[in-house]
Amino acid sequence: MQVYVLHDAKAVASIAGVDVPACDALALSVENPSEVLFAFVGGNPLSNDWLVDLELPGQRVAAWSGTLNDGGELFAAHPHNWMSPGSEALTRLLEELLPQFERAQRTLCLVPHARHVLSDVQGTINLARAHAGSALEIALAPGSLLVPSMLETLEDHLERSFGTLSAAASFLFIEDLAISEDGESLEPIAFGEGVLDKSLLRSAINRFWPADKPVVVRAANLAQQLDWLEG
């Protein structure tokens with residue numbers, strides 16, 4: 001299994017003694033930390049001030065699909081995200097970015113999220129199919145596609161997301177989740193400390209995720225995650 005760890009970009013730069021790259025995080029190989037799977041550029045790609053540096057480490061840039069929420073909250077719900085204005089805004093973004101990525105021989109990998117324009121399994125696979133052969137990729141991030149009410153039928157949701165997206169996704173991103181204080185959303189938390197059923201996640205990985213494709217985890221509780229991935 002190819003395992004990569006998502007490290008804070010500032011921490012990596014400090015250890016390496018280099019300038020901080022214009023990204024939030026870098027996914028580095030466990031076996032060879034000099035190997036970069038992707039640079040993650042956070043923030044809202046649909047905002048006017050979002051920028052991406054095509055000279056970032058690695059050949060792949062990962063980012064959210066963005067939100068039309070103009071209040072500055074990246075994960076606040078906005079109904080227009082899931083209607084025509086959302087899909088039209090994402091289309092305009094890709095029309096602007098993809099030619100630049102293609103010229104630079106790089107790829108843009110969108111990470112879906114339940115609160116963003118790219119918010120569900122069907123929309124994600126539709127986008128991947130529509131842009132097959134281009135500089136656009138998608139990630140399988142099953143935790144990001146969930147909301148609290150889905151935890152009751154988690155097995156069904158995992159089967160659908162893995163079964164639909166595994167073949168098309170460039171990497172699998174695994175994270176644990178905690179229910180927010182208001183009970184309306186799920187938030188990332190250190191692996192092993194959240195509410196995600198690990199046995200159901202393990203079953204989905206074993207059934208659907210190809211052994212030769214990358215798996216990405218967060219740096220917190222890394223040893224525990226590596227032990228879990230090894231079975």
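The values are calculated or read from the model by the stated rules, or taken from the named source; none is laboratory data. This is a predicted model, so every value here is computed, not measured. Note that we place each Cβ from the backbone using ideal geometry, even for glycine, and neighbour counts take in every protein chain shown. Keep in mind that these areas ignore ligands, DNA and RNA; they rest on the heavy atoms of the full protein, side chains included. Shrake-Rupley method; radii C 1.70, N 1.55, O 1.52, S 1.80 Å.
Odds and ends about this structure:
- Qualifying position, being on the phi > 0 side of the Ramachandran plot and at pLDDT below 95, among G71, G17, G43, G66: G17
- Single residue of the stretch 176-191 satisfying the filter (acidic (D, E) and modelled with pLDDT under 95) that is nearest to H157 (Cα to Cα): E184
- Any hit, the stretch 114-123, residues being in a loop (DSSP other than H, G, I, E, B), closer than 18 Å to A25 by Cα, open to solvent by less than 40 Å² (accessible area, probe 1.4 Å) and of a type in the set (G, A, S): no
- Positions within the stretch 192-202 being open to solvent by 30 Å² or more (accessible area, probe 1.4 Å) and in contact (Cβ under 8 Å) with a residue 40 or more places away in the chain, in sequence order: V195, D197, L200
- Any chance F101 is among the aromatic types (F, W, Y), in contact (Cβ under 8 Å) with a residue 60 or more places away in the chain and either part of a helix (DSSP H, G or I) or open to solvent by 10 Å² or more (accessible area, probe 1.4 Å) (or both): no
- Candidate set: the stretch 192-222, residues that are assigned to a loop (DSSP other than H, G, I, E, B) and touching a helix residue (DSSP H, G or I) at 6+ places or on another chain (Cβ under 6 Å); chosen: the one modelled with the lowest pLDDT: G192
- Residue list for the stretch 12-43, filter: in contact with a strand residue (DSSP E or B) (Cβ under 7 Å, 6 or more places away or on another chain) and outside any strand (DSSP E or B): V12, P21, C23, D24, V30, E35, V41
- Close pairs from the stretch 1-12: first small (G, A, S), partner crowded, with 16+ Cβ neighbours inside 10 Å and not in a strand (DSSP E or B), Cβ under 7 Å, at least 6 apart: A9/P21; A9/C23; A9/D24
- Meeting the requirement of 1 or more residues that are open to solvent by 10 Å² or more (accessible area, probe 1.4 Å) and small (G, A, S), the strands (runs of 3 or more DSSP E) wholly within the stretch 133-191 are 176-179.
- Candidates L74, L108, L51 - the one that is farther than 24 Å from K213 by Cα, in contact with a Phe, Trp or Tyr (Cβ under 9 Å, 6 or more places away or on another chain) and of a type in the set (A, V, I, L, M, F, W, C): L74
- Contacts under 6 angstrom Cβ, first residue in the stretch 47-72 being over 24 Å from D120 (Cα atoms) and open to solvent by 30 Å² or more (accessible area, probe 1.4 Å), partner aliphatic (A, V, I, L, M) and part of a loop (DSSP other than H, G, I, E, B), 6 or more apart: V52/V41; D53/A22; L54/A104
- Residue selected from the stretch 11-46 under the condition surrounded by 13 or more Cβ atoms within 10 Å (Cβ to Cβ) and among the charged types (D, E, K, R), by the criterion nearest to L94 (Cα to Cα): D24
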